[in-house]
Amino acid sequence: MKQILATISSNVEVMPGIHLMWIEAPDIAAAAQPGQFITVRCGDFTLRRPFSVHQSSLLTREDSGEGEIAILFKVTGKGTLWLSQRQEGEKIDMLGPLGKGFTVAPKSRNLLLVAGGIGIAPLAFLVQQASSQHQMTLIHGASTAAQLYPKSYELTAISYQRFQFVPVTQDGSIGQKGMATDVLPDFLDWADQIYACGPVDMYKAMALSLDPSPLKGEGKGEGEKRSKLKLRKCQVSLEVRIGCGFGACYGCTINTRKGLKQVCRDGPVFELDDIIWQEVRIWP
């Protein structure tokens, strides 16, 4: 973990209200793993804002002594509005990498990624890092085609024939009409591991399909089809209100089946069936 004053390389609005920012941060780029995050001091606001590491350029420039990371963020309040207005060449106070990210089991070959909206942010980094050794399918759900990840062609280029991008929109403007979780069952037989990032409703829909369900508290009746999700561990990235970002303030504590955990230090990545979803307050 390092605190640095980093220079912004670029800041572009890639979707309505959503910005892609590249930041010069060689040390963080060298250490960051998919699922980890940084925090940024936004103007005069007391609390830093957390952002998933979206991509790292060091993966392709390891011998150059240079390195950048990207964050993909939605303007949701005064802090992110301030950040969206920063220009190339300006400096921002950044701390990271923080938290524990995604893990890939040594024997896994087929990885299924499920993104809801801006939840694509940390999963793109996982594609970037793991696609050379794994077959990957990324399901991205959004309200309309305009809200889908505009850089999907770049992810395909990174992983060539080992990557499949599956768009899903609520209005049916592109891909299958519906929610990302509607498409999920089509790939369960194929997947060795599942990774997800999105809104709490998406996680709850996935949790309800588990057997036994952590929301229902019991398994399905005898003779009913048992969920295939229970056969594979599913890792999810949580977004809750984070204060300090490194475990000192306990402001992001959640209750899990393994006891109280801090999202910033013990997560933000957790096993789906470990979370007590009725008690989690997700950051809007």
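What FRET efficiency do you get for Leu208 and Leu81 if R0 is 41 Å and r is their Cβ-Cβ distance, rounded to the nearest 0.05?
Result of the calculation: an efficiency of 0.70.
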Give me the distance in nm between label points sitting 7 Å out from Cα along the Cα-to-Cβ direction at Asn110 and Lys177, one decimal. 2.9 nm
Label-point separation (nm) for Thr103 and Ile276, each offset 7 Å from Cα along Cα-to-Cβ? 2.3 nm
Quick one: of Lys100/Lys233; Lys100/Lys258; Lys151/Lys177; Lys74/Lys177; Lys100/Lys261, which pairs are farther than 19 Å apart, Cα to Cα? Lys151/Lys177; Lys74/Lys177
Separation in nanometres of the label points that stand 7 Å from Cα toward Cβ, at Asp201 and Lys2: 4.1 nm
Hey, with R₀ at 22 Å, roughly what FRET efficiency would Ser132 and Asp93 work out to, going by the Cβ-Cβ distance, to 0.05? 0.05
Place the peptides 192-201, 253-262 in order of packing, highest mean first, counting for every residue the other Cβ atoms within 10 Å and averaging per peptide. 192-201, 253-262
Give, in nm to one decimal, the length gained when the segment between Asp27 and Arg257 is fully stretched (0.36 nm per residue of separation minus the Cα-Cα distance). 79.3 nm
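No value in this document is a laboratory result; all are computed from the given coordinates. This structure is a prediction, so every number in the text was calculated from the model and none was measured. Quick reminder, even Gly has a Cβ in these numbers, built from the backbone with ideal geometry, and neighbours come from all protein chains shown.
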